[in-house]
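The values are calculated or read from the model by the stated rules, or taken from the named source; none is laboratory data. None of the values given here were measured: they were computed from a predicted structure. Ideal geometry is used to build each Cβ from the backbone, glycine not excepted, and the neighbour counts take in all protein chains shown.
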Amino acid sequence: MSAAEVDAWMAGYDNPMKPVVQAMRQVILQADPRIGETIKWQAPTFTYKGNIASFFPKAKKHASLMFHKGALIPGDFPSLDGDGKEARSFKVTDLEDLSQKSAELQAICVAWCDLQDQG
């Protein structure tokens, strides 16, 4: 899977949150050169030595990412929500909200990559 496949998925993505999802995608890909992307579970998924996070494509009131093992990511990230064993969600309501959260989103992704490199 490649960026071209994600581009194709995005081209067919019909959702009011599409501009936010596209912007989040760029924020994540620019966070760290180690991060790749693919389509898994019928949604764009970011990867580095495993799955980092997948978009929840059906959300219409916000753009939502599920960090598959978000509970394991070291650091204090107030926008990572959830109290399950592993998964955490990261929600963005609009482009302005993303601009306020983009540094945190990038830090989460870098922390995941660093954690994977330690293992």
Query raised in the report: Given the residues ILE28, ILE108, ILE39, ILE52, which is the only one that is at pLDDT 95 or above, outside any helix (DSSP H, G or I) and crowded, with 19+ Cβ neighbours inside 10 Å?
Result: ILE52
**Report entry** The listed residue being charged (D, E, K, R) and either surrounded by fewer than 19 Cβ atoms within 10 Å (Cβ to Cβ) or not in a helix (DSSP H, G or I) (or both), out of LYS101, LYS91
**Finding:** LYS91
Query - Cross-chain or 6+ apart pairs with Cβ under 6 Å, region 57-80 first and more than 13 Å from LYS101 (Cβ to Cβ), then part of a helix (DSSP H, G or I) and among the aromatic types (Phe, Trp, Tyr) - result: ILE73/TRP112
Query raised in the report: Of all the residues that make up region 54-78, how many are touching a helix residue (DSSP H, G or I) at 6+ places or on another chain (Cβ under 9 Å) and among the charged types (D, E, K, R)?
Result: 1
Report task. Examine region 6-20 for a residue that is closer than 27 Å to GLY119 by Cβ, in a helix (DSSP H, G or I) and of a type in the set (A, V, I, L, M), and state whether such a residue exists. Result -> yes
Query - Complete set of residues in region 36-50 that are out of contact with any helix residue (DSSP H, G or I) (no Cβ under 6 Å at 6 or more places or on another chain) and of a type outside the set (Gly, Ala, Ser) - result: THR38, LYS40, TRP41, GLN42, THR45, THR47
Query raised in the report: Which is over 11 Å from the mean Cα position of the chain (by Cα), part of a helix (DSSP H, G or I) and surrounded by fewer than 19 Cβ atoms within 10 Å (Cβ to Cβ), of ASP114, ASP76, ASP83?
Result: ASP114
Query - Check on THR45, buried (at least 19 other Cβ atoms within 10 Å of the Cβ) and hydroxyl-bearing (Ser, Thr, Tyr) - result: yes
Query raised in the report: Restricting attention to region 1-25, and to residues there that are of a type in the set (A, V, I, L, M) and modelled with pLDDT under 95, which single residue is surrounded by the fewest Cβ atoms within 10 Å (Cβ to Cβ)?
Result: ALA4
